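One structure below.
What follows draws every value from the coordinates through simple rules; no lab data is involved. The structure presented is a predicted model; accordingly, all values stated were derived computationally and were not measured. Quick reminder, even Gly has a Cβ in these numbers, built from the backbone with ideal geometry, and neighbours come from all protein chains shown.
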């Protein structure tokens, strides 16, 4: 991830810890995770606001109980909104959009977004989720 971002001239500027405030599942020979690492990349002129924003964000999340999409790595929309609002971008790029959480969050905040998903079932999941928000979506022909 870090190499790809650097090659795209978008180096990682931070690693944010999402403290889920809940213990997740794991194998018998592994510690059970209570957090995820979020790699953050911003253009050189970007600013995090407020400046008091730390690199640990707490949002309680119990995927098995809170998940709405069926995606195995679903994120809460309010977490995505908090991250987007911290930088107030003109556009959000999510290169692994999965169920479309960051695309939905950007839309709810009135910010344009681009999502990329190579797995067809998750692409359709994202497309369906956005259609539920916007209404029927049409695909432009090249």
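Below is a table of values for the structure above.
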{"quantity": "Meets criteria (free of Cβ contacts under 8 Å to residues at least 60 places away in the same chain and within 19 Å of residue 12 (Cβ to Cβ)) for residue 111", "calculated": "no"}
{"quantity": "Filter pass, residue 96 being touching a helix residue (DSSP H, G or I) at 6+ places or on another chain (Cβ under 6 Å) and under 19 Å from residue 14 (Cβ atoms)", "calculated": "no"}
{"quantity": "Residue, nearest to residue 57 (Cα to Cα), within region 106-137, restricted to residues that are touching a strand residue (DSSP E or B) at 6+ places or on another chain (Cβ under 8 Å) and outside any loop (DSSP other than H, G, I, E, B)", "calculated": "106"}
{"quantity": "Residue ranges of strands (runs of 3 or more DSSP E) in region 16-103 with at least 1 members more than 14 Å from the chain's Cα centre (by Cα) and surrounded by 10 or more Cβ atoms within 10 Å (Cβ to Cβ)", "calculated": "35-41, 56-58"}
